[in-house]
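Below is one structure, written out as structure tokens; comments come after it.
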Amino acid sequence: MTQPRKGQAPEKVDRTEFHLRFMRSFADPAFHQAQDALAQVEQIAWENYTASHKAPFTEKAGPAYADPNYDLSSEWRDASERLKKAEAWQKNPLSPSRVLLICGAARNDGSCPGEMSKTFRMMQMARTVLEEARMEVDILDLSLLISDYGRQIHPCKGCASTAMPLCHWPCSCYPNHGLNQVNDWMNEIYEKWTAAHAVIILTPVYWYQTPSVLKLMIDRLVCADGGNPDPTTTSGKNAEKAKALELADWPYPKHLAGRAYGLVVHGDVAGIEGVRRSLSDWLDWMGLIAAGQKAKLDRFIGYYESYAESHEVLDRDEAMREEVRNVARAVAESVVQLRRGQLSQPDAALASPRPK
């Protein structure tokens, strides 16, 4: 079996460096009155760090898992159970149709930018159309990462590149209490995706790419495409066991396949087509279904005009606003057809010779 390659990771930081990093969160003079208490908390945090205390709350996995005696993270189990309930709700033919709207802009008026994003406004246009079509609408505004206290989407650690079964569904890399990698938003986001019958992503272009808040989410959704729903099969993060499991004909389950999608990509100078293509390619790869050509929109708003007047330009561009509404209309219709079994998928029964 292929052996894991080693030699990149540095040693843990020493006590002095740990102190400097820990105290940066409490640099405000208002914390000076709690110096003794902070010193006590720091010592506990140091001990947890040196002991690699990732999951402080565990319980035996039980008979539903490959290794019933494995000490499974209670936090992970709770997230997994919520996803199972969301999946059952989504598959129930009597459940109301739900569309997840994702605002991929980092800007909002609750932080440094001082103004809402055009993306948020277009998301509200789509919301109105969907609600008029009697769809339930779920909102995911990724700009909250810049303005909510403690809210995080931690970066993907790339477990799938070692072996796909090492990447758990949902992600088990976080929280990691020993490294203070907490307040991760993704378990809630996984639940939103799982419960949805369709997803519409609305995003601006930042430097020819998606905004970082959107890319963080995209990377962490890798576990939805081939991820392992049973961490006991790899004894948590045992790379050797994961490699053996993948080489034993891993099926690469697509946990979000069959949902419909739409896209709204906007920019002001360049990059809209590339971002739209990369997003649609990614969603296609995961097994989602495009809601038609009019559901994949890329447009400039104020081509080479000032940033300062971009909202006014959108106000004047009725065609753009109507195209956004058409994306929502196309997605709403695709959900109706999808749930009736009427949405054409000519290749649905074909088995891929390259399941990865």
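Membrane-span-like helices in the chain, defined here as complete DSSP H runs extending at least 27 Å along the helix axis by their C-alpha atoms with mean Kyte-Doolittle hydropathy no lower than -1.0, are 318-340; this is a sequence and geometry rule, not a statement about a membrane.
Which chymotrypsin sites (Phe, Trp or Tyr not before Pro) does the stretch 37-69 hold that lie in a coil by DSSP with at most 16 other beta carbons within 10 Å? Numbers along the way, then the final one.
Numbers: sites: Trp46, Tyr49, Phe57, Tyr65; in loops: Phe57, Tyr65.
Answer by residue number: Phe57.
Here's how it looks for Asp138: its modeled amide H is under 5 Å from those of Val99, Leu100, Leu101, which are all 5 or more places away or on a different chain. Taking the Cα centre of the stretch 217-347 as origin, sum charge times position over the Cβ atoms of Lys and Arg (+1) and Asp and Glu (-1), and report the length of that vector in debye to the nearest 20. Dipole about the Cα centre, nearest 20: 580 debye. In the elastic network of the chain, a GNM with C-alpha springs shorter than 10 Å, the most mobile of Asn326, Asn187, Asn92 is Asn92.
Pairwise alpha-carbon distances in the chain exceed 25 Å for 60% of all pairs. For the stretch 226-268, what percent of Cα pairs sit more than 15 Å apart? In whole percent, the share of Cα-Cα pairs in the stretch 226-268 beyond 15 Å is 57. For the stretch 44-119 and the stretch 154-215, compute the distance between their C-alpha centroids and round to whole Å. Computed from Cα coordinates, the inter-centre distance equals 9 Å.
Max-minus-min Cα coordinates of the stretch 156-268 on each principal axis give 48, 35, 26 Å, with the largest extent listed first. Only the Cβ atoms of Lys and Arg (+1) and of Asp and Glu (-1) were treated as charged; on that basis the dipole of the stretch 54-340 about its Cα centre amounts to roughly 600 debye.
What do you get for GluC sites (Glu not before Pro) in the stretch 48-138 restricted to DSSP loop and a cutoff of at most 13 other Cβ within 10 Å of the site's Cβ? Could you put the intermediate results ahead of the total?
Details: sites: Glu59, Glu75, Glu81, Glu87, Glu115, Glu131, Glu132, Glu136; in loops: Glu115.
Here the sparse-neighbourhood loop sites are Glu115.
Please find the FRET efficiency linking Glu305 to Ser95, where r is the Cβ-Cβ separation and R0 is fixed at 51 Å, and quote it to the nearest 0.05. The value I calculate is 0.70. Length gained on full extension, Ala270 to Glu47: 75.3 nm, using 0.36 nm per residue less the C-alpha separation.
Taking the charge dipole of the chain about its Cα centre, with +1 at Lys and Arg Cβ atoms and -1 at Asp and Glu Cβ atoms, the residue from Val313, Leu144, Ala330 reaching farthest to the positive side is Ala330.
Give me the dipole magnitude in Debye, nearest 20, for the stretch 172-239 about the Cα centre, with unit charges on the beta carbon: positive for Lys and Arg, negative for Asp and Glu.
Working: 4 positive and 6 negative charges, 28 e Å.
About 140 debye.
Take the Cα of Asp14, step 7 Å along the line toward its Cβ, and report every residue of the stretch 35-64 whose backbone nitrogen sits under 16 Å from that point. Once the point is set 7 Å along Cα→Cβ of Asp14, nothing inside the stretch 35-64 turns out to lie under 16 Å by backbone N. Give, in nm to one decimal, the length gained when the segment between Tyr252 and Ala27 is fully stretched (0.36 nm per residue of separation minus the Cα-Cα distance). The Tyr252-Ala27 span can extend by a further 76.4 nm.
Read-outs throughout are calculated quantities, based only on the coordinates presented, and are distinct from any laboratory measurement. Just so it is clear, the structure is predicted and the values come from calculations on it, not from any experiment. Virtual Cβ from ideal backbone geometry, glycine too; neighbours counted across all protein chains shown.
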